[in-house]
Structure formats: C-alpha cells, structure tokens
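The values are calculated or read from the model by the stated rules, or taken from the named source; none is laboratory data. The structure displayed is predicted, hence computed values, not measured ones. Reconstructed Cβ throughout: ideal geometry from the backbone, glycine too, with neighbour counts over all protein chains shown.
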Amino acid sequence: MLVLGLETSCDETGVALYDSERGLLADALFSQIDLHRIYGGVVPELASRDHVKRMLPLIRQVLAEAGRQSTDIDAVAYTSGPGLVGALLVGASCAQALALAWGIPAVGVHHMEGHLLAPMLEATPPSFPFVALLVSGGHTQLVEVSGIGRYRLLGESVDDAAGEAFDKTAKLLGLGYPGGPEIARLAERGTPSRFRFPRPMTDRPGLDFSFSGLKTFTLTTWQQCVAAGDDSEQTRCDIALAFEQAVVETLTIKCRRALKQVGLSQLVIAGGVSANRALRRSLEAALGEIGGQVHYARPRFCTDNGAMIAYAGCQRLVAGQQDGPAIEVHARWPMESLPAL
Ligand code: KG4
Ligand code: ZN
C-alpha cells in the first residue's frame, strides 16, 4: 500500500510517500522558521497561509523523487491533531480533497503517535513493549507503549513542555527561535559547574514534570549577572549549559524511574527535543547501566515531518482503519483515546 502523508500541525509543511512493502520512498519538508523568526514564535495565521502555498509543490516533489504518479497512491494520511487548528485544517482539507478526487481512503493521524512511531523508520527499530518519552514544543509525556494505539500515560508536564521551556529560556537570553537548537549550540561552549540549576520534581515520587520554575530560575540568574555588569557571551553559554543539564538530568531521572516502575528496559525518545545530543548521551549512559537500549529517529525525523505521518497512517490503514470525508481536526486530543490496532 502506497500512502501519501501530510503534516501541517504547526510551522513545518511535511510531505512523504511510504510504501507498506518497500518503506519510505521520499520525503520533503518546508520549514517556516524564517517566516516566524522576527516574531520570536509561531504566528498561527501566517502558518496556515504558508501551508496552503507549500503543500501542492511538495506533493509534486515527493512524487517526482519517488518516480511515482498520483494514480499510484492508495491512501492519504494527514495530521488531524493536536496542533494549531488553522494549520491542521489546511492539511485535512487538502488530504480529504485529494482522497475524494482520487477515489481513495483518507485517515487522520495523531501528531504525537506520529512522533512516537518515527524511530520505526530507522534501521534498528524498537519492538513493543517500551516506555516512550515524548518531548516536543507542546508535549512532555512518559507513556507505556505495548503496541500501536496501546498507550498508558505514566506522567506529563504540569506546566511548560520541555521544548517550550527551551524556547522561552532562549528568548529571555536574547537568542533566536526555535530555542532548543540555539541553547544546545551555546551550551557546547559553556563552563561546566559554574552554575547549578534545580532538577524540578525529582525529589518526590511520581513521573510528572514541571519546567516553568526552571525558566524563572534561569531568568533570575541572567538578570543577576547583567546587574553585576556581566552580560558576556561566555556567561550566556554557561547559563545555557546549566539549563540544558538541568532539563537533561530531570528527564533522565524520570525515564529511569518510569522504566523501573513498569519493569521494562527499552526506551524510545521522540519529538523535537529528542534531537538534543546531551539528552541522547545521558539516556544512553543511564540505559547502559541497566542493560537496556534507547531508540530515537534521525534528527530530521525528531522534529515535525511528513514521514512519521505517512508511516503511522499506513499502519492504521493496513489494519483497516479509515475516516469518513468530514474535515475534522482536534486542537487537543488525548493519545490514550486512540483505537488499538
Ligand atoms: O516536535 P517538534 O518539531 O514540534 C512540536 O510538535 O512541538 O518540536 C519542536 C521543539 C521546539 O521547542 C524546539 O526548540 C525543540 O523541539 N528542539 C530542541 C532541539 N531541536 C528542536 N530542543 C533541544 N535541543 C535540540 N537540539
Ligand atoms: Zn511535533
């Protein structure tokens, strides 16, 4: 089955062709980062309008790259939530229109299930069951995964998501958007142990997270340095490192705790923050200690992309799932409500 996947939940237009027998044939992405950068974050209306402009050229591009015709496509998968409603509506309308015109089925995909399954596109995919750490701009969740659609939420952020904390902290340090890669870049030049930031909610039991206090702690530290006349590049790097280390260690402690709680030793990390090298290194060391393994996607498939939507949609379509022609999107959508395959 050849599936066209469309991703438009936020600020990237992602398109891919996934074949149930041959795997990923082609994928293309247009990132709107330059469009939103001057505003310091995503402007929803601009995002929707740009998805409209990019979608059809990207579909033509993946077809050409895969050497396929539109008549070869068996089904269309699109992100139907969670995300920005206007942006989601562009992908959903486009997918449903193509499905109607081509007389093929369409299926709406949960964006976070897409992220969660992205490591399946790699050479050594994880096998069920495993614990997943989903860390994106909108979500921070620990999930026990026993199969596709078999999800049990173990813990989540009570305030900011990990990616959101990176983005907000970067902004208050005067860095660009998106903040995650900017902080990671500065942290590489940071002086270890000049600052030590708190590891929120690690001193009590449970698997929930809180990152908003850490953001405030970072701001206060930076303001104190500036007030003392030190607003140097090196201090910014040192603060970036202290912040990154606090997030990474907090996530590592909770992952270890989650694996112990459910008695598993396989961990999947997914979503934009899973591209962070310090996080990967820290989790690899922690899992090494318990004889377990960490799985993640290549950096391009950690952040938003069409390949993960084509893959997740294909699994659901092959299992017989499809949606009616209604154009329905969900700004919020708990992943545990998805049907199990
Ligand atoms: O999954 P994603 O592309 O979009 C959402 O579904 O939200 O995640 C984007 C988030 C942003 O907050 C971005 O700052 C963060 O992922 N991010 C990173 C890195 N690359 C992207 N955070 C830390 N380190 C990185 N290398
Ligand atoms: Zn995402």
Any hit, region 27-40, residues being surrounded by 22 or more Cβ atoms within 10 Å (Cβ to Cβ), within 16 Å of ligand 2 (Cβ to nearest atom) and among the hydrophobic types (A, V, I, L, M, F, W, C): no
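Of all residues in region 1-26, count the ones that are acidic (Asp, Glu) and within 15 Å of ligand 2 (Cβ to nearest atom). Before you say what the answer is, go through the steps one by one.
Filtering region 1-26 down to residues acidic (Asp, Glu) leaves 7, 11-12, 19, 21.
Restricting the remaining residues to those that are within 15 Å of ligand 2 (Cβ to nearest atom) gives 7, 11-12.
Total meeting the criteria: 3.
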Check on residue 304, in contact with a helix residue (DSSP H, G or I) (Cβ under 9 Å, 6 or more places away or on another chain), acidic (Asp, Glu), surrounded by 24 or more Cβ atoms within 10 Å (Cβ to Cβ) and at pLDDT 95 or above: yes
Among residues of region 61-85, those that are assigned to a loop (DSSP other than H, G, I, E, B) and among the aliphatic types (A, V, I, L, M), counted: 2
Among (1) under 30 Å from residue 84 (Cα atoms); (2) part of a loop (DSSP other than H, G, I, E, B) - the single one residue 180 does not satisfy: (2)
Number of the condition not met by residue 269 [criteria: (1) closer than 18 Å to residue 6 by Cβ; (2) of a type outside the set (Gly, Ala, Ser); (3) not in a loop (DSSP other than H, G, I, E, B)]: (1)
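Please pick out the residue among 144, 113 that is within 16 Å of ligand 2 (Cβ to nearest atom) and in contact with a helix residue (DSSP H, G or I) (Cβ under 7 Å, 6 or more places away or on another chain).
Sole residue among the options that is within 16 Å of ligand 2 (Cβ to nearest atom) and in contact with a helix residue (DSSP H, G or I) (Cβ under 7 Å, 6 or more places away or on another chain): 113.
Working carefully through the options 88, 25, 58, 35, find the one that is over 30 Å from residue 172 (Cβ atoms) and part of a helix (DSSP H, G or I). It would help to see each step written out before you state the result.
Working: 88 fails: over 30 Å from residue 172 (Cβ atoms); 25 fails: part of a helix (DSSP H, G or I); 35 fails: over 30 Å from residue 172 (Cβ atoms).
Of the residues listed, the single one that is over 30 Å from residue 172 (Cβ atoms) and part of a helix (DSSP H, G or I) is 58.
May I ask you to list the residues in region 1-22 that are acidic (Asp, Glu), part of a strand (DSSP E or B) and touching a helix residue (DSSP H, G or I) at 6+ places or on another chain (Cβ under 7 Å)? Talk me through it step by step, then tell me what you get.
If we filter region 1-22 for residues that are acidic (Asp, Glu), which is where we start, we get 7, 11-12, 19, 21.
Pick out the ones that are also part of a strand (DSSP E or B) and you get 7, 12, 19.
Listed by number, the list holds a single entry, 7.
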Selection count where residues are outside any loop (DSSP other than H, G, I, E, B), of a type in the set (Gly, Ala, Ser) and more than 25 Å from the chain's Cα centre (by Cα), scope region 183-227: 1
Qualifying position, being away from ligand 1 (no atom under 13 Å from the Cβ) and more than 21 Å from residue 328 (Cα to Cα), among 62, 85: 62
Top-ranked residue in region 158-193 [being of a type in the set (Ser, Thr, Tyr) and within 14 Å of residue 236 (Cβ to Cβ); ranked as farthest from ligand 2 (Cβ to nearest atom)]: 191
